[in-house]
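Here the structure comes first, spelled out in structure tokens, and everything after it is commentary.
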Amino acid sequence: MFWTQGLCPIKFLISSFILFPSLKNPNESGTVSNNDSKKKDPNGPMYYNGIYHQFYQYNPNGSLWGNIVWAHSVSTDLVNWIRLAPAIERTTPSDINGCWTGSATILKSGRPAIIYTGADTEKRQVQNVAFPKNLSDPYLREWVKPHDNPVIQPVGRGLNPGQFRDPTTGWIGPDGLWRIAVGAEVDGHSAALLYESEDFVRWDRVDHPLYSSNASAMWECPDFFAAMPGENSGLDMSAAVPDGAKHVLKMSLDGSDKYMVGVYDLKGDAFVPDTVIEDRRLWSRIDYGNYYASKSFFDSKKGRRVIWGWTNETDSSSDDVAKGWAGIHAIPRTIWLDKDSKQLLQWPVEEIESLRGKQVRHQGLELRKGDLFEIKEIDTLQADVEIDFELTSIGSADPFDPSWLLDIEKQCREAGASAHGPFGLVVLASESMEEHTSVHFRVYYRSQEKHMVLMCADLRKSSLRPELYTPAYGGFFELDLEKEKTVVSLRTLIDRSAVESFGGGGRVCIMARVYPAALVDDGGTRMYAFNNGTSTVRVPRLEAWSMRRAQVNKG
């Protein structure tokens, strides 16, 4: 991405038990942002020779905007990370005003390549490449830029040179040439412009885009990958994609990451969505909370696709200066396509479970109307919670109104956690419940066998601090009674200021940031399963773990 204000220093990029800041004082961080004041994209994630690499937008001189480079951290397990020196810095005329977002590709020779957006001396957005200096270095600490840079310039009819950025990971086309897509604005409309190359250095623009839409303007941070429906394994885009695979085109706009499922037409060399939806408010979303600029990669170690996203702050710039950082990365997630090819499913990478500590388990609970069941004996500030809710009566569900899909957050605000029907989890709650965050569900009738489930993360009472942004996030997913009976699942990971939830087996994901004063005043918070519906909700399984702190950015 290309932003106008500040990012976070490397030492606070990834910390606490997973990829979050460790907050003992809520004033040391912020919440979900409703502005563009602090940005930090994940860039070029890859797995190479036994090492995971994560690069990211970084200001080495402070928490506000300026001097943007590519920071670099490495890991063997996606959990514990070592901080290295920045990999790409502003050293040439083609990136002297900033080294912006881009991707990493493993070439046919096995050599990694980075392609990224630079702001040149005229502040145009141009695309540059970089290669490892020493392939024998397991950490790939040093990267070199060929004299060919910039390898792609913002030329062509209707192309806005100030809206041309964020190249994707490369993939092999039907003719054996490399392809990438670059986010752009052409004639006022959004486009993923298509380029091809034999050597990843000399690029030619294809005479048509990979895909374009007049439903929006600029697309940031496009991502393009293949998936086999119903299989949670990933596909390597640097190799031939098997028959039957679908393709996913993801883009960042309107403060969220959205995507389309379709096919890659080999003859036309273009992406063709299965369904074209004109109203972009109805486009599918990767995450329905505070999650943006995500980037995925094929993990050849475990044969899966992993996606990373970024979540920002809402405290002031002066707060960011005081604490010395701004913005965090969410947990890396495995991402795959459901068997119906309708939506992506996501789940925290399995390595996160290595941080699980003390466990509590409950079975056969019954939550009657108004019940709060406290989850005790674990660290409620750093926890991993999995709950199955079984509905005993679903026949009285209110009818589903499709117009709610146009503004799901409004539906979450109006339905509320205290209205008829919701059940779920309360986290980071003060003893008096004056502060609390609710992750909950409401079920609506759609047809004889299918219902729609509204999942909300309601932050409106998450903190007594008046200056914070506290929305009610929400997303819908379908519940098929014939296949799933009446069980709704929830997994929530809590890490002080971060509440990351996965509903319906990962069909709806919501990343939220909250800052209760109870973290300071009480030295602890409480957690509850609850039911505010008129019918009893059974909980056949509730498991919760305290989470240990990872070793992050040590070095």
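Quick notes on this structure:
- Note that segment 39-348, at 20 °C in a medium of 1.002 mPa s, gets a Stokes-Einstein diffusion coefficient of 110 µm²/s from its Kirkwood radius over C-alpha pairs.
- A Cα-only calculation for the chain places Rg and Dmax at 22.9, 69 Å.
- Environment charge of residue 531, counting only residues whose C-beta is closer than 15 Å and scoring Lys/Arg +1, Asp/Glu -1: -1
- Pairs of alpha carbons in segment 283-386 whose separation is greater than 23 Å (percent): 53 percent
- Simple point charges give the picture: +1 on the Cβ of Lys and Arg, -1 on the Cβ of Asp and Glu, and for the chain a dipole about the Cα centre of about 860 debye.
- Straight-line reach from residue 376: taking Cα to Cα under 21 Å and skipping same-chain neighbours fewer than 8 places apart, the lysines in range are 24, 358.
- Solvent-accessible area per residue in the chain equals 36 Å², computed with a 1.4 angstrom probe and all protein chains kept.
- Checking every one of the trypsin sites (Lys or Arg not before Pro) in segment 143-186 against DSSP loop status and a limit of 16 other Cβ atoms within 10 Å picks out 157.
- Here's how it looks for residue 152: its modeled amide H is under 5 Å from those of 127, which are all 5 or more places away or on a different chain.
- Two-decimal log10 I(q)/I(0) for segment 161-296, as the Debye equation yields it once each C-alpha is a single scatterer, q = 0.10, 0.11, 0.17, 0.19 Å⁻¹: -0.30, -0.37, -0.92, -1.16
- Take the Cα radius of gyration of segment 452-535 and divide it by 2.2 N^0.38 Å, N being the number of residues; the result is 1.25.
- Residue-averaged [θ]222 nm for the chain, counting only DSSP H segments that reach four residues, each worth -39500 (n - 2.57): -1000 deg cm²/dmol
- Taking θ as phi - 60° and the Karplus parameters 6.51, -1.76 and 1.60, the scalar couplings of segment 107-123 work out to 6, 4, 6, x, 7, x, 9, 10, 10, 8, 8, x, 9, 7, 4, 9, 6 Hz in sequence order, x denoting glycine and proline.
- Segment 145-194 and segment 211-274 have their alpha-carbon centroids 16 Å apart.
- Karplus 3J(HN,Hα) series, Hz, for segment 427-434 with 6.51 cos²θ - 1.76 cosθ + 1.60 (x for Gly, Pro): 10, 6, 9, 6, 4, 8, 6, 5
- Taking the convex hull of the alpha carbon positions in segment 358-547 and averaging its projected area over all directions gives 10.0 nm².
- For segment 157-215, the C-alpha radius of gyration divided by 2.2 N^0.38 Å, with N the number of residues, is 1.11.
- Database remark: amide H of residue 552 closer than 5 angstrom to the amide H of 81 (H placed geometrically; neighbours at sequence offset of 5 or more, or on other chains; Pro and chain starts carry no H).
- Taking the 1.4 Å solvent-accessible surface of the chain as the whole, the part contributed by carbon and sulfur is 46%.
The values are calculated or read from the model by the stated rules, or taken from the named source; none is laboratory data. Predicted model, so just to flag it, every value in this text is computed and none were measured. Using ideal geometry, Cβ is built from the backbone for each residue, glycine included, and neighbour counts are taken over all protein chains shown. These accessible areas exclude ligands, DNA and RNA; they are computed on the full protein's heavy atoms, side chains included. Shrake-Rupley method; radii C 1.70, N 1.55, O 1.52, S 1.80 Å.
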